[in-house]
Amino acid sequence: MASLNLSHIRGDSAFAEFPLTRLVRPSLSLPAGRVGFRVLGQAQASSEPDLSVKVNGLQMPNPFVIGSGPPGTNYTVMKRAFDEGWGAVIAKTVSLDAAKVINVTPRYARLRADANGSAKGQIIGWENIELISDRPLETMLKEFKQLKEEYPDRILIASIMEEYNKAAWEELIDRVEQTGIDAIEVNFSCPHGMPERKMGAAVGQDCGLLEEVCGWINAKSTVPVWAKMTPNITDITEPARVALRSGCEGIAAINTIMSVMGINLKTLRPEPCVEGYSTPGGYSCKAVHPIALAKVMNIAKMMKAEFSDGDYSLSGIGGVEKGADAAEFILLGANTVQVCTGVMMHGYPLVKKLCEELKDFMRSHNFSTIEDFRGASLEYFTTHTDLVQRQQEAIRQRKAVKKGLQSDKDWTGDGFVNETESMVSN
Ligand SMILES: Cc1cc2nc3c(=O)[nH]c(=O)nc-3n(C[C@H](O)[C@H](O)[C@H](O)COP(=O)(O)O)c2cc1C
């Protein structure tokens, strides 16, 4: 039996009294690369933790993936990501006609902890009103091809988005696949700009549209397809289920959360302010991490219940800056963890810190592989009704333990009759 203690995860003493006791199974006993929620294995404490993962047949040196956005905009930065050791790179989202994509500046606004007008507080929230790639598709495709030629063993994933047009999706898939990319992530989740053209979140928020578009995509594509979900929806498991039923191999969540960063109280204008006006944008960074965890948890539960018989994957995204943030996504069942804003703030070498911190976490629990702990925390989520029942039962058991007097010195005058009753057997 491997005995584990959740208090190590965050050093939170509140968890210390709930040791996890699980059966040890050899980690090879379940198929790799899916939300299989493997039972914790007992590792060899002496060996170096192995961060490598195999996801939908794609071998990665570690689970850290560059999330689609500025860190995957061109050849130079994607090459840098591979050189620094990122497990995979998802390029900035491309579409057929980049001429239709017109960005504005400023397009970012940040939230600092303890802001109060101070520019020194830690950045915890990031809003962007950036669109998908505004670079010509031909240029992006040339760079994908060059990267795959130079890094044939590394995983390059194209992120794509198109209008509600079957032929357009088919053409885009065909063209990105010709570059040799390893997988496709479909952006069903961009919250601003593109929904006005029935793209991005407009599809991810409409299960009927999503089913049809996923059908087109999966009939055409020959590489694994991940559907990237928007959190700007009541129940994220609904589109995730539709995407998997329609043939996608994986789910990625979350894209940014619809937000308004703030209003400038001097000018009374919203931020980010473009010619005096603004539009709601996508929120990311540390502040979204708890929301992303909840969404990933919901998707993971749904996948475990309904899709555990296939090679499906889950990619956790949102506010990752530390190995512990990634460990949390993996504990909920994620196979990989994407980072976007974290790279914009800390640069590409961040991956080294993430790997070291994740390994430290694994060492502290004697986990030797990612599969040893993937999905391990999922079973501890339940309904509030169940929490009430569990607590009532725990109180009942604690009272039962207290039943009876331990010693004659415990008899009291006022409680004498009850104390006598507590030791009667019938
Ligand atoms: C400036 C910026 C641009 C982004 N562009 C894209 C994009 O083109 N396609 C996409 O799928 N997601 C895009 N995203 C969303 C990220 O990939 C990610 O889902 C989100 O930011 C949450 O993760 P994070 O907190 O690690 O940034 C963008 C995010 C930011 C901050």
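Computed from the coordinates by the stated procedures, all read-outs in this text should not be read as laboratory data. What you see is a predicted model, and the numbers here were worked out from it, not measured in a lab. Counting neighbours? That spans all protein chains shown, and the Cβs are built from the backbone with ideal geometry, glycine included.
Structural remarks
- Pairs of Cα atoms nearer than 8 Å and 6+ residues apart set the relative contact order; for region 102-222 it is 20 percent.
- Remark: the chain carries a charge dipole of roughly 560 debye about the Cα centre, counting +1 on each Lys and Arg Cβ and -1 on each Asp and Glu Cβ.
- Sequence-separation-based contact order of region 30-380, relative, with Cα cut under 8 Å and 6+ spacing, percent: 24
- Once the Cα-Cα distance is subtracted from the 0.36 nm per residue extended length, the E212 to E170 segment shows a gain of 13.8 nm.
- Distance from the C-alpha centroid of region 132-182 to that of region 278-324: 24 Å, rounded to the whole angstrom.
- Legend: distances between Cα atoms for K79/K100; K79/K148; K145/K220; pairs beyond 22 Å are K79/K100.
- Computed extension gain for Q178 through F416, at 0.36 nm per residue and net of the alpha carbon distance, reaches 77.1 nm.
- Choice from V77, V388, V274 showing the highest fluctuation, given a GNM over the chain with Cα pairs closer than 10 Å: V388
- The dipole here belongs to region 180-244: it is taken about the Cα centre, uses +1 on the Cβ of Lys and Arg and -1 on the Cβ of Asp and Glu, and is about 140 debye.
- Taken along the Cα-to-beta-carbon direction at a fixed 7 Å, the label points for E163 and D97 span 0.5 nm.
- Prolate/oblate/rounded call for region 125-171, Cα gyration tensor, a/c under 1.5 rounded: oblate
- Between 0 and 90°, nearest 10: helix 350-365 axis offset from the chain longest Cα axis: 20
- Cα lying deepest toward the dipole's positive end in the chain, options I299, A168, I124, charges on Cβ: I124
- Across region 132-202, Cα pairs under 8 Å and at least six residues apart give a relative contact order of 31 percent.
- Annotation for region 70-139: trypsin sites (Lys or Arg not before Pro) lying in DSSP loop with at most 14 further Cβ atoms inside 10 Å of their Cβ are K120.
- Helix 207-220 axis versus longest C-alpha principal axis of the chain: approximately 60°, rounded to the nearest ten.
- Potential extension, A294-E356 segment - 0.36 nm per residue separation minus Cα distance: 19.8 nm
- Rounded FRET efficiency, nearest 0.05, which uses the C-beta distance separating R363 from R396 and R0 of 35 Å: 0.35
- Rounded to whole Hz, the Karplus (6.51, -1.76, 1.60) HN-Hα couplings of region 323-335, x for glycine and proline: x, 5, 4, 5, 4, 4, 4, 5, 4, 8, x, 5, 7
- Calculated FRET efficiency for the pair R135/D114, C-beta based, R₀ 35 Å, to 0.05: 0.40
- Fluctuation leader among A183, A99, A158 - the chain, Gaussian network, Cα springs under 10 angstrom: A99
- Per-pair calculated FRET efficiency, R0 = 45 Å: T385 and S425 via Cβ, rounded to 0.05: 0.85
- Listed residues G318, T179, V242: farthest to the positive end of the dipole of the chain (Cβ charges): G318
- Overall Cα dimensions of the chain - principal axes, largest extent first, Å: 88, 58, 42
- Each peptide in 54-66, 370-382 gets a packing score, the mean of other Cβ atoms within 10 Å over its residues, and the list from highest to lowest is 54-66, 370-382.
- On Cα atoms only, tilt of 137-150 relative to the major axis of the chain in degrees: 60
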